[in-house]
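Report on the structure given below.
Computed from the coordinates by the stated procedures, all read-outs in this text should not be read as laboratory data. All values reported here derive from a predicted model rather than from experimental measurement. All Cβ positions, even for glycine, are placed from backbone atoms using ideal geometry, and neighbour counts span all protein chains on display.
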Number of protein chains: 2
Amino acid sequence: MSDVDQTPARRGRPGYDRDQILEIAVQVFIEQGYDATSVASLAMRLGLSKSALYHHFASKEEVLEVALEEALGGLEGVLEDAGEGSARDRLERALHGAVLVLVDKLPYVTLLLRVRGNSDVERAALDRRRAFDRQVTALVRAAQTEGSVRSDVDPSVATRLLFGMVNSIVEWYRPSGSEGAQELARDVLAVALHGLAES
Amino acid sequence: MSDVDQTPARRGRPGYDRDQILEIAVQVFIEQGYDATSVASLAMRLGLSKSALYHHFASKEEVLEVALEEALGGLEGVLEDAGEGSARDRLERALHGAVLVLVDKLPYVTLLLRVRGNSDVERAALDRRRAFDRQVTALVRAAQTEGSVRSDVDPSVATRLLFGMVNSIVEWYRPSGSEGAQELARDVLAVALHGLAES
């Protein structure tokens with residue numbers, strides 16, 4: 001920007017499209033909490049009138065629903081894309097894919113992980129999270145049966161520990177840092193499958 | 001209780017002591033959020049007057065401070081108690097101890113993990129969490145130097161993944177379930193050190 005350009009950033013700001021509204025709204029939900037965010041405060045943050053906001057989304061709950069779909073659709077996709085092969089191979093591909101989804105959709109997954117079930121939209125999201133967990137647990141169990149995953153840890157405990165590691169990424173990973181998404185996914189797989197110990 | 005005992009539980013309820021107030025207040029903070037909880041609503045939940053509550057704690061913030069001390073003191077203790085020996089031995093003892101602290105102090109650690117730094121007490125707690133993370137990271141680095149922990153993962157990423165796994169316990173572990181604290185600690189160590197793969 002040239003130093004003679006005195007135009008404030010707000011001047012000439014184009015109208016937001018639906019995706020941009022979604023992105024900013026999710027940021028506000030994360031900062032203030034979904035329940036504590038009113039449509040009025042969302043509109044104010046966007047510099048829009050409430051009616052302009054309602055032109056894009058029918059309700060605050062619809063914004064949440066679309067945001068959670070981003071996260072859940074992405075996560076469910078990694079199981080669908082885990083492909084063929086041994087349970088161990090599919091588990092590894094699913095874990096790898098989940099890390100990439102978390103990094104790619106960081107704010108949406110952050111929001112998903114904070115959902116406590118105070119509305120129909122939130123309860124539906126929790127149901128889908130539980131279904132996802134059950135599918136991963138089934139994959140861990142199948143890998144135990146084929147003998148490729150240790151069988152001395154309960155498959156549902158193992159799944160929760162794995163996703164404890166994966167989900168923690170939303171708490172500490174910053175895309176601007178030194179570690180890229182692919183390297184992070186590699187690290188998660190290395191620790192999850194082979195552990196930290198130098199064997 | 002005999003079926004002729006018609007006394008409602010509330011009748012004859014003894015005055016709460018400080019520990020009981022702390023325990024219930026932490027439950028309310030977890031349910032409603034610390035910021036959203038007023039002293040008035042705390043007092044109402046306890047069935048106490050505000051002045052009776054102030055007899056035990058000078059402020060809502062003091063309740064939070066004492067609660068966070070429970071969690072932080074416990075976690076810092078596991079590093080102090082990790083003893084002598086190789087970095088790997090100390091790391092294993094610290095991880096094992098951290099799982100036991102989480103299970104023993106589940107609501108207090110839950111509260112700690114939700115602290116976002118909106119007040120001096122919360123910022124001081126975040127500082128102590130960061131100091132704890134740095135000490136664990138130093139232990140991982142020392143174990144890498146002695147050759148007992150894999151050195152292809154950055155020690156601070158490794159620490160965050162380990163504690164992602166450990167901290168997830170507050171989200172899903174129920175003390176009433178089939179898995180006891182010692183078994184859980186054993187599982188965490190097994191996955192963290194040796195991974196899920198059947199070697």
At q = 0.15, 0.18, 0.25 Å⁻¹, base-10 log of I(q)/I(0) for the stretch B:100-199 (Debye sum, equal scatterers on each alpha carbon): -0.74, -0.99, -1.34
Please report Rg over Rh for the protein assembly as shown, where both radii come from the alpha carbon positions and Rh follows the Kirkwood definition. 1.01
Under Stokes-Einstein, the stretch A:18-57 at 20 °C and 1.002 mPa s, with its Kirkwood radius over C-alpha pairs, diffuses with a coefficient in µm²/s of 215
Rg and Dmax of the stretch B:58-137 over Cα atoms: what are they, in angstrom? 13.3, 45
So how do A:Ser49, B:Ser156, B:Ser168, A:Ser176 line up by other beta-carbon neighbours within 10 Å, fewest first? A:Ser176, A:Ser49, B:Ser156, B:Ser168
Give the dimensionless ratio obtained when the Cα radius of gyration of the stretch A:52-98 is divided by 2.2 N^0.38 Å. 1.69
Do the alpha carbons of any pairs in A:Lys50/A:Lys105; A:Lys50/B:Lys60; A:Lys60/B:Lys50; A:Lys60/B:Lys105 sit beyond 31 Å of each other, and which pairs? A:Lys50/B:Lys60; A:Lys60/B:Lys50; A:Lys60/B:Lys105
Under the definition of partner shielding as Cβ atoms of other protein chains within 10 Å of a residue Cβ, what is the mean value for peptide B:168-174? 4
Among A:Ala138, A:Ala181, A:Ala52, which one shows the highest mean-square fluctuation when chain A is modelled as a Gaussian network with alpha-carbon springs under 10 Å? A:Ala52
Long-range alpha-carbon pairs in chain B, meaning those over 27 Å apart, account in percent for 41
